[in-house]
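This report concerns only the one structure given below.
The values are calculated or read from the model by the stated rules, or taken from the named source; none is laboratory data. These numbers come from a predicted model, not from an experiment. Positions of Cβ are generated from backbone atoms using ideal geometry, with glycine treated the same way; all protein chains shown enter the neighbour counts. Areas reflect the complete protein model, heavy atoms only, side chains present, ligands, DNA and RNA absent. Shrake-Rupley method; radii C 1.70, N 1.55, O 1.52, S 1.80 Å.
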Amino acid sequence: MDEQTLREAVRADAPRIRSDLERLVALPSIAFPGFPREPLNAAAELVIGLLRDAGAPSVRAVEVPDEAPSVLAEWPGSPTVLLYAHYDVQPASHDGWIGDPFEPVLRDGRLHGRGAADDKSGIAAHLAALRAWAGKPPVGVKVLIEGGEENGRQRLARVVEADPDLMRADLMVICDDGNWKLGEPTLTESLRGHGKLTVELSTLGTALHSGQFGGAAPDALLALVRMLATLHDDDGAVAIEGLQDGDWPGAELPEADFRRQAQVLDGVALIGEGSVADRLWAKHAISVLGLDAPGVEEAGNIVIPSARAKVAVRVPPHADPVRSMEAVRRHLEERVPWGAHVRIEVQPASTPIALDGESRAAERALAAAYGTPVARMGSGGSVPLVATLREAYPDAAFVLWGAQDSDHARIHAANESVSLDEVAAIALAEALLLRELAG
Ligand SMILES: [Zn+2]
C-alpha cells in the first residue's frame, strides 16, 4: 500500500476515530483502590471488540495478577512490532472540570474527558493505523493494551517475566506520550526514573497545649518542614550531594514556552539551575507530594507530636537510581532537627531510560505523517513498563510518541483533552512505520 493510500484511509477514518474514542472515554476505567472493577472489565471488552473490528486474527484478555486484564491482539509475521497503550485512567476527582469527565464533549477539535489523551488516544491511534491497512498489516503486529498503568503497581511486569515470548517484538512502540507542541512531531528520547520516600518525624509522646508547652517543646511539623527545606538551595536547585546530574545534549526548550505550558504565574521564578531542558531531562528533581499533619480548618492550639511527608525523586538517564535514592535518604537522615525520632521508607526508583534515536524508521514515518522534521525531546516523566520491557528484550528498539501534546492535553488534571487531528496524525505515523518496516 503506498503512502497516499494510507494517508487517505486515515483521513476517511476520522468519524470512526472519534466514535472509538468517545466510547472509550465514556467508561470510568480507574484502576485505583476503592474504584469499581466493572468499568475496567467493560473497557477491556470494548478494546477486544474494537481490535476484532480492526481485523485482528487473534485477540484475547491476558490475566494480570491483582489487576484488570490486559488485552493482546496478534497478527503473525516478521519483523514484529508491538503497539502499546493503556485503557485505565487517572481518577477525575479534582475540582475544575467543565462538565462530567466521563461524558466526552468535542470543543474546537479537541475531545474532552478523562483519559481522552492519557491514554485512550493511544488505543484509538493503534486501531486507526491497523484499519488503514484494512486489517492486514505488512509486518507482524502485537497490540498490547494494559489495564493497570496509572496506579504504579507495575503488575504487568510479572506477566512479562513469567512468559517473555508473549510480548517479544523487534520494535516496541509506546504510544503514551505527546508532541512538545501541538502539531510539531516529537520523538521522546529519554525518561526519568521515579522513586518515593516516606519520612516520619516524632518528637513528643503526645500532643501538647501550645500555650503551656510551646516555645520549649519541639514541634514535629516544624522539624519536618526544616528538614524538607534542606532538599533545595535558595534558588530551588536540588542540594543533595552525590547525585549524578547531566546536561541535555539535544534541542533547548525555550523558557517562554515552558512558562506558558506550566502556567507559571507572573513574577514567579522557575526553580533549579542550567537550561530548562537540563532541569527537566538531565537533572534530578525532588518534590514534596504530601504532608500528614492537622489540616488548616481543624487545626487546634497544639504542639504537634509527629508528622509525615511523601517525597518524590525523579532520576535522570545515566544516573544509578539505587544510588540516587540512597543519597536522598542519607541527606534527610543527617538533617533531622533536635534529635527527633525518624523513620524513612524508600520506594525504589524505576530505571531511567535513554533512547538516543534508535529507530530511524520511526523518525522517517513521523516526519512523513506531519510533513515537517521531527524534534527530539526528553521527557521528565516516567513509564516504568519501558524499563521492564528493555530489560526483558535487550535487542528490541523502542519508540515513544503519542497524541498527548504538552500545550493543551492537561493529562492527570481537570479538563483533559486531545486533538482529534493529532490522534489521526499519530495513527498515520504508525501506519507509515509499518510500511517502512516492511521495507
Ligand atoms: Zn499514560
Can you confirm whether segment 106-113 contains a residue that is farther than 30 Å from Arg435 by Cα, assigned to a loop (DSSP other than H, G, I, E, B) and within 16 Å of the ligand (Cβ to nearest atom)? yes
Looking for something surrounded by fewer than 24 Cβ atoms within 10 Å (Cβ to Cβ) and basic (Lys, Arg) - is there at least one such residue anywhere in segment 111-126? no
Exactly one of Ala387, Ala367, Ala409 is more than 14 Å from Ile426 (Cβ to Cβ) and small (Gly, Ala, Ser), and that residue is Ala387
Quick check: anything in segment 131-138 closer than 18 Å to Leu24 by Cβ and within 14 Å of the ligand (Cβ to nearest atom)? no
Of the residues in segment 345-362, how many are open to solvent by 40 Å² or more (accessible area, probe 1.4 Å), out of contact with any helix residue (DSSP H, G or I) (no Cβ under 6 Å at 6 or more places or on another chain) and in contact (Cβ under 8 Å) with a residue 40 or more places away in the chain? 5
Residue hits (segment 174-200; within 25 Å of Arg323 (Cα to Cα), more than 16 Å from the ligand (Cβ to nearest atom) and part of a loop (DSSP other than H, G, I, E, B)) are none
Check on Pro254, touching a strand residue (DSSP E or B) at 6+ places or on another chain (Cβ under 8 Å) and outside the structural domain of Val303 (by TED's automatic domain parsing): no
Can you give me the number of residues within segment 78-99 that are open to solvent by 40 Å² or more (accessible area, probe 1.4 Å) and touching a residue at least 12 places away in the same chain (Cβ under 8 Å)? 8
Kindly check whether there is at least one residue in segment 150-157 that is within 16 Å of the ligand (Cβ to nearest atom), in contact (Cβ under 8 Å) with a residue 12 or more places away in the chain and touching a Pro at 6+ places or on another chain (Cβ under 7 Å). yes
Which of the residues belonging to segment 50-67 are in contact with a strand residue (DSSP E or B) (Cβ under 7 Å, 6 or more places away or on another chain) and of a type in the set (A, V, I, L, M, F, W, C)? Leu51, Ala56, Val59, Ala61, Val62, Val64
Check segment 305-323 and report whether any residue there is farther than 23 Å from Arg259 by Cβ, open to solvent by 20 Å² or more (accessible area, probe 1.4 Å) and of a type in the set (A, V, I, L, M, F, W, C). yes
Number of positions in segment 402-415 that are of a type in the set (A, V, I, L, M), over 16 Å from Leu191 (Cβ atoms) and buried (at least 18 other Cβ atoms within 10 Å of the Cβ): 2
If I go through segment 166-225 residue by residue, how many of them are open to solvent by 20 Å² or more (accessible area, probe 1.4 Å), in contact with a Pro (Cβ under 8 Å, 6 or more places away or on another chain) and more than 29 Å from Val311 (Cβ to Cβ)? 1
Would you point out which residue out of Arg314, Arg308 is assigned to a strand (DSSP E or B), under 19 Å from Gly378 (Cβ atoms) and at pLDDT 95 or above? Arg314
Condition check: part of a loop (DSSP other than H, G, I, E, B), of a type in the set (Lys, Arg) and within 16 Å of the ligand (Cβ to nearest atom). Does Arg168 satisfy that? no
Which condition number does Gly214 fail, the rest of (1) in the same structural domain as Leu332 (by TED's automatic domain parsing); (2) within 24 Å of Met325 (Cα to Cα) being met? (2)
Of the residues Val418, Val342, Val399, Val328, which single one is in the same structural domain as Ser287 (by TED's automatic domain parsing) and open to solvent by less than 10 Å² (accessible area, probe 1.4 Å)? Val328
Within segment 136-157, residues being under 19 Å from Arg16 (Cβ atoms) and open to solvent by 10 Å² or more (accessible area, probe 1.4 Å) number 2
Being in contact (Cβ under 8 Å) with a residue 60 or more places away in the chain and open to solvent by 20 Å² or more (accessible area, probe 1.4 Å) is the filter here, so list the residues in segment 363-372 that pass it. Glu363, Arg364, Ala367, Ala368, Tyr370, Thr372
Listed residues Arg364, Arg376, Arg360, Arg390; which is under 25 Å from Pro164 (Cα atoms) and not assigned by TED's automatic domain parsing to the domain that holds Thr230? Arg390
Could you tell me whether segment 28-43 includes any residue that is out of contact with any Asp or Glu (no Cβ under 6 Å at 6 or more places or on another chain) and within 18 Å of Arg110 (Cβ to Cβ)? no
